[in-house]
Structures are given as C-alpha cells and as structure tokens.
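One structure below.
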Amino acid sequence: MTQKSIRQIHLPDESIRDPSITPNDFTLLLYLKAAIYDHNYKYSFYEDINKLKYWVNIKDNKTLKKSLLSLYDSGYLLIKTPDKFVQGKPVNFSLNKSKLDTEGKTFTMLPITILEMVRDTTITREAARLLYYYESRINRKIPNRHFCFPSEQTISRETNIKDPKTIRKHNKLLSQKYLIKIEKHKITWDYQYDENDMPIFNKYNNHYYVNLDKMC
C-alpha cells in the first residue's frame, strides 16, 4: 500500500510551527482536522468526547480541557468548549477555517496512521508533532536532499517542546520505530586541534529524514 492510497491529514506549515500550541494541543488539532472529512468537510460539527480522548490518547478531562482552551485562545477554535462534559452528550467544535484551510498556503500532509500510532501508544504526542515538523521543513522537490537540518533551539522554539532532552527522547523513539533517520554533521570549529593535529568540532547539526514508507 502506498502513501497516496492512505488518507492524509493536511495542516498549514504555520500551524505545525506555531509555538503557542503544545504537542497535546497539536495532536488534538490533528484529530479535529481529520474529523472535518468525517463531517462532510464542515468546519463546525459535534464530536463525542470519549472518542476524541481515545484517539489522542488523553485519559483525563482536565488535560483535555486545558488543550482545548489553548486552541481556543490561539484562535483555532471559534467556540469555547464547556467547563463540564456531560456523559453521552457530544460537544460542538467550530474550527477556524481561515487558520486551518491549506488553500494558497504551504502545507504538510502525512498519513492518518500517525493518529492511529498515537491512539495505540506506538508513538507519543510529542513524536507526532516532531514528525509533522520535520516533514514541513523538508523540500522534497530538491533531488537527493530529502532531509531538514533545524537546530535543537529552533525545534524547541517552534514546537513548544522546551527541553532539548525531551526532543532527543522522542527523536530516539521515532528512530527506533524507523519513522525518522538522524545523521549527525559536525558544523563548527573554533580553530582548536587535537593531539593528532585534527580539527576539533564542538557542535553538531542533525540531518532529519522522514521515512514516509514506514507510515503506511
């Protein structure tokens, strides 16, 4: 099965790199964008809260409400979700089309299997955010350069994953699942030499490859 034959979730690159939303917020947004398809491409619809929690693998209402409020404050949701969820009563979600529509914008699409992997705890919500982020930075129109090379500081700033150790942790998970490949490249030199007269490089710039075929 090829990537094109699997349903894709499209998100504008500006949303993928929006530092105002956390990985939890991002995964919720990913699910809600996918739900537009299920609701005949309408940006306003009712959704079951338990179904939402199941797909984004958020167990408690407090965490869910915090992220929904964040999406409302960031302008992705036009209607503030209720303070209390009523068992069995769907919640109205009204998404901001001007922020989420990809027409006329640069955007990134990845298979819905990413959400399925979050649901099944195969990957984390942070890992899902990083997958979209790296793919958004890759220009696949350039032959033989299907990788991106943002610094950890840039990744942290644009994904709201503030601790570099957390980025490395979830990169390791993605690498173990063969969803990304990371190559290290020495990039800076302060004109110091080792005992063998070889230059000592003191920083590395990772090259990130996204393995689209492993998502099918």
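Need the full-extension length gain, Tyr209 to Glu183, defined as separation in residues times 0.36 nm minus the C-alpha distance. One decimal, nm.
So the chain would gain 8.5 nm between Tyr209 and Glu183.
Taking only C-alpha pairs under 8 Å that are 6+ residues apart, what is the relative contact order of the range 85-185 in percent?
19
How compact is the range 60-120 by the rule of thumb for globular proteins, expressed as Cα Rg over 2.2 N^0.38 Å?
1.35
So for the chain, averaging the separation of alpha carbon pairs under 8 Å that are six or more residues apart and normalising by length, what relative contact order in percent results?
Here the relative contact order equals 25 percent.
For the chain, modelled as a Gaussian network with Cα springs under 10 Å, which listed residue fluctuates most, Lys105, Lys165, Lys84?
Lys84
What accessible area per residue comes out for the range 35-86, rounded to a whole number of Å², with a 1.4 Å probe?
On a per-residue basis, the range 35-86 sits at 63 Å².
According to the square roots a ≥ b ≥ c of the eigenvalues of the Cα gyration tensor, what is the shape class of the range 94-172, taking rounded for a/c under 1.5, prolate for a/b larger than b/c otherwise, and oblate for the remainder?
The shape class here is rounded.
How large is the helix-only mean residue ellipticity at 222 nm for the chain, computed as the sum of -39500 (n - 2.57) over DSSP H runs with n ≥ 4, divided by its residue count, in deg cm²/dmol to the nearest 500?
-11500 deg cm²/dmol
Please work out which option in (1) 1.03; (2) 1.30; (3) 0.97 gives Rg/Rh (Cα atoms, Kirkwood Rh) calculated from these coordinates, and answer with its label.
For Rg/Rh (Cα atoms, Kirkwood Rh), the calculated option is (1).
To the nearest 20 debye, what is the magnitude of the charge dipole of the chain about its Cα centre, counting +1 on the Cβ of each Lys and Arg and -1 on the Cβ of each Asp and Glu?
With Lys and Arg at +1 and Asp and Glu at -1, about 540 debye.
Take the solvent-accessible surface of the protein heavy atoms, probe 1.4 Å, and return the percent of it on the chain that carbon and sulfur atoms account for.
Whole-percent figure for carbon plus sulfur exposure: 50.
Grab the beta carbon distance between Asp163 and Asp48, set R0 = 22 Å, and tell me the FRET efficiency rounded to 0.05.
Calculated transfer efficiency: 0.05.
Equivalent ellipsoid semi-axes for the range 1-117, as square roots of 5 times the alpha carbon gyration tensor eigenvalues: give them largest first, rounded to whole Å.
With the √(5λ) rule applied to the range 1-117, the semi-axes are 22, 16, 14 Å.
Quick one: check the C-alpha center-to-center distance for the range 164-186 versus the range 85-134, whole angstrom.
21
Going through the cross-link list Lys89/Lys162; Lys51/Lys80; Lys59/Lys177, which pairs have a Cα-Cα distance over 26 Å in this structure?
Lys89/Lys162
The values are calculated or read from the model by the stated rules, or taken from the named source; none is laboratory data. None of the values given here were measured: they were computed from a predicted structure. A quick note on method: Cβ atoms are made from the backbone with ideal geometry, for glycine too, and the neighbour counts reach across all protein chains shown. The accessibility values were calculated without ligands, DNA or RNA, using every heavy atom of the protein model including side chains. Shrake-Rupley method; radii C 1.70, N 1.55, O 1.52, S 1.80 Å.
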